[in-house]
1. Quick check on the exposure proxy: order Ser72, Ser208 from fewest to most C-beta atoms within 10 angstrom.
2. If you place +1 on the Cβ of every Lys and Arg and -1 on the Cβ of every Asp and Glu, how big does the dipole about the Cα centre of the chain come out, in debye to the nearest 20?
3. Could you state the number of Å between the C-alpha centres of the range 251-295 and the range 34-109?
4. Report the charge-dipole magnitude of the range 296-381 in Debye, nearest 20, computed about the Cα centre from +1 at each Lys and Arg Cβ and -1 at each Asp and Glu Cβ.
5. Two decimals is fine: what's Rg over Rh for the chain, C-alpha atoms, Kirkwood radius as Rh?
6. Let a ≥ b ≥ c be the square roots of the eigenvalues of the Cα gyration tensor of the range 233-372; is it rounded (a/c under 1.5), or, if not, prolate (a/b larger than b/c) or oblate?
7. Taking only the C-alpha atoms, wrap a convex hull around the range 162-400 and report its volume per residue in Å³ as a whole number.
8. With Cβ to Cβ distances under 14 Å as the rule, what net charge do the other residues near Arg276 carry (K, R +1; D, E -1)?
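Here, each number is a calculation from the coordinates, and none is a lab measurement. Only a predicted model underlies this, so the values are computations on that prediction, with no experimental measurement involved. Cβ coordinates were reconstructed from backbone atoms using ideal geometry, including for glycine residues, and neighbour counts include every protein chain displayed.
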Amino acid sequence: MKFVDEASITVEAGRGGNGCLSFRREKFIAKGGPDGGDGGDGGSVFLEADINLNTMVDYRFTRRFRAESGKSGGSKQCTGASGDDLILKMPVGTTVIDEDTREILGDLTEHGQRLLVAQGGFHGLGNTRFKSSTNRTPRQTTTGSEGEKRNLKLEMKVLADVGLLGMPNAGKSTLIRAVSAATPKVANYPFTTLVPNLGVVSIQKYRSFVMADVPGVIEGASGGAGLGIRFLRHLTRTRLVLHMVDVAPFDLSDPVATATAIANEIEYFSPTLAQRDRWLVLNKTDLLEPESVAEVREKIIDALGWEGPVYEIAAISALGTQRLCEDIMNYIEESREAEEEHPELAKLEHQQQLAMQQEAREQIENLRRMKRAEARGEFNDDDDFDDWDDDDYDVEFEYVR
Ligand SMILES: Nc1nc2c(ncn2[C@@H]2O[C@H](COP(=O)(O)OP(=O)(O)OP(=O)(O)O)[C@@H](O)[C@H]2O)c(=O)[nH]1
Ligand SMILES: [Mg+2]
């Protein structure tokens, strides 16, 4: 995937507190020795990966972050308080780069992982430290050192939480337009969308998820029909797939047959993906009478042996989309929490991701082999399938927050 979300911030650690110059002054003790304490260390700046964040959006407005400085030392050998460390939460998957040296400081790959990006200044020494047999009244102290300062570039690959699966013209791009700021092209003909689009759906402040509009899939896609199956790969990285069905296709095709065809393509593409949570979203309900919608719904449920959730929406007028998005948000948060509480669930999710990606790779490789054989037989020069490399193809993502 080529798309990255990024932000530039400046982090500054706290200064160390200065050492204190002081002598004991008490009644009846004329010449007390030195009693100036050390300063406190400055606070450091850490970045910490947090699975509850999924975009850099929070770092677009505030860009300077400073940890607290250490306090100066005091008399009576009082050590100054250390400055508090500053911990900035980052989405899991963030790469941290020093903008000035271009050095990669680290990757935050696991929840809770911390990376020190600016070391706090060291404390200065009080005059007590300089006492010796030859100098009993030292007037020497040191100042605390400056905290480190860095300009950081934060980069993160955007992964979608939810993927849209459906025939061309089902209304996938219309839905993403209705619920996010993304504006992919919408038109009443198949294959309007040729590359995936991502949009951030904001439910409330600090509650958002990323939705991917994946180009349409048709029957026979796994054999290379239409745009083929390569874009289905993106669904293997999402947590939830919405299977979108047009209940009143303008070409008068049967919605039940198309829904089944898509389910079969997914099954063929990746059996693991086919087993995962998928919600059925019936779109364009505004075009039918409610009784007809209910009829189509029953037929699809029967044909697919469907047991999962079913939603009825009209993406064009955002009818029913708010409830759908709220349910998605809750679903995502609940699965994140469950994984946090039960590490074995997180492990299972990871294994499934790997299995899906492996299956996807194999299918795509098969298809490529088939295409190559075909091209050899027919000298099909305009077929660019061969040029496409699984790992570095150059899809331009449109991404709108
Ligand atoms: N009446 C009605 N039309 C809709 C609705 N949703 C989408 N449409 C129309 O259906 C057509 C196709 O919509 P798109 O959003 O481009 O469909 P898509 O699934 O993205 O199609 P591809 O990009 O070709 O895969 C457009 O003319 C939309 O205006 C809806 O809820 N009701
Ligand atoms: Mg589209």
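1. In order of increasing Cβ crowding within 10 Å: Ser208, Ser72.
2. Dipole of the chain, to the nearest 20 debye: 3460 debye.
3. Cα centroid to Cα centroid, the span is 50 Å.
4. Once rounded to the nearest 20, the dipole reads 700 debye.
5. 1.20
6. oblate
7. 133
8. Computed value for this residue: -3.
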